[in-house]
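The values are calculated or read from the model by the stated rules, or taken from the named source; none is laboratory data. Because the structure is predicted, anything quoted here is derived from the model rather than measured. FYI the Cβ positions are ideal-geometry reconstructions off the backbone, even for glycines, and counts take in every protein chain you see.
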Amino acid sequence: MPKALIVGNWKMNGDIGTARKLAGAIVAGSSTSNCDYLICPPFTALSEVSGVLQGGVVRLGAQDCHAAASGAHTGDISVGMLSDIGCQYVILGHSERRSSHGESNALVKSKATAALEGGLSVIICVGESELERKAGTALAMVEKQVVGSLPELSDSINTVVAYEPVWAIGTGTIPTTEEISEMHLHISSVLEREMSDPNAEAIRLLYGGSVNPKNSSEILRCARVNGALVGGASLEVASFLAIGESCP
Ligand code: PGA
C-alpha cells in the first residue's frame, strides 16, 4: 500500500493572501508526517499556491475541470489550464457539484477521462445521501456511482476514489468505523472487478466528511482507508497537519 494521502479541499474559501499563508505553513509543517499531502485551493489561488509549493513534496490540485480542451465554455477551466498552472490532481464529482451543478456519473466520467488523458490524476468522489443510508441502499448507490464515474483509463496510480457520505459533509456527524470499513471494502471489491489494472487493490481510497484531528486516527485505521479528503479542518494549518500526523 502507498502512503496515506491527506487532501485539503479548500472549497470556495480564502483570498490569495490567505491561501499563500496557509500553503506556506503546510509546507513548513509537513516534513515530519508519515503521509502525502495534496491541497486544492480555489481556482483564483492556484497560481499563487503553485509558486509556494514549487520544488517541495506537497502537491497541488484543483476542485473541478471541464471535459473539453478549449472553446466556448464561459466560466469553465480546462485540464490543460490546470496542468499549465502546476496542478497534478483534480477533484471530480464532489457531492456539492453533483447536487448544485447537476453533475451526473456520465459527466464526471467524461471530465475524469479528459483529466487522465491530459496527464492529471483524479480524485473521484462518491457517497450516498442520508435517505439512501436509512433505506439500506448505501452500498448499491455508491457502487453505481463508482461504476458510472470511473474512466476506462483509470489505474491504481492515476486514480483515487473518495468515499464521502453526503450526510457527513460539514455536519460533524460521521459514520461508525464499521460502516466506513464496510463501504471501503465494498468499493475495493467493485474496483477489483471493474478495473483492468491487476493492481486495482492498491488504488487509494479516501474517507471524507467531517474529518478532524479528534476522529482522524480511528477513521484512518479503518479497513481499506488510505487517507482523507478534508474540507473545513483543512482551512486551519494546525488541524490539517494534526490529521496528517495521525496517519498510521
Ligand atoms: P468537511 O468536507 O470535511 O468540511 O466535512 C469534506 C468535503 O466536502 O470534501
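Residues that are away from the ligand (no atom under 16 Å from the Cβ) and modelled with pLDDT of 95 or more were ranked within the stretch 198-221; the one that is farthest from ALA168 (Cα to Cα) is ILE203.
Can you name the residue in the stretch 1-37 that is in contact with a Gly (Cβ under 6 Å, 6 or more places away or on another chain) and of a type in the set (A, V, I, L, M) and, of all such residues, is nearest to the ligand (Cβ to nearest atom)? So the residue we want is ILE6. Exactly one residue out of SER33, SER83 is modelled with pLDDT under 95 and either small (Gly, Ala, Ser) or out of contact with any Asp or Glu (no Cβ under 9 Å at 6 or more places or on another chain) (or both), and it is SER33. Hey, HIS66 hits all of (1) under 27 Å from MET195 (Cβ atoms); (2) part of a helix (DSSP H, G or I) but one; which does it fall short on? Going through (1) under 27 Å from MET195 (Cβ atoms); (2) part of a helix (DSSP H, G or I) one by one, HIS66 breaks only (2). For residues that are part of a loop (DSSP other than H, G, I, E, B) and closer than 21 Å to GLY227 by Cβ, tally how many sit in the stretch 39-50. Number of matching residues: 1.
Residue count for the stretch 1-38 under the criterion of being within 20 Å of PRO248 (Cα to Cα), in contact with a strand residue (DSSP E or B) (Cβ under 7 Å, 6 or more places away or on another chain) and not in a helix (DSSP H, G or I): the result is 12. Within the stretch 26-85, the set of residues being within 22 Å of GLY244 (Cα to Cα), among the hydrophobic types (A, V, I, L, M, F, W, C), touching a Leu at 6+ places or on another chain (Cβ under 8 Å) and without any contact (Cβ under 8 Å) to a residue 40 or more places away in the chain comprises VAL27, VAL49, LEU53, VAL58, LEU60, ALA62. Of all residues assigned to the stretch 56-69, none qualifies as being at pLDDT 95 or above, polar (S, T, N, Q) and away from the ligand (no atom under 16 Å from the Cβ).
State the number of residues belonging to the stretch 152-172 that are surrounded by fewer than 21 Cβ atoms within 10 Å (Cβ to Cβ), among the hydroxyl-bearing types (Ser, Thr, Tyr) and closer than 20 Å to VAL122 by Cβ. Residues that pass the stated criteria total 1. The criterion of at least 1 residues that are within 18 Å of ARG193 (Cα to Cα) and touching a helix residue (DSSP H, G or I) at 6+ places or on another chain (Cβ under 7 Å) is met by the following strands (runs of 3 or more DSSP E) wholly inside the stretch 78-181: 121-126, 159-163.
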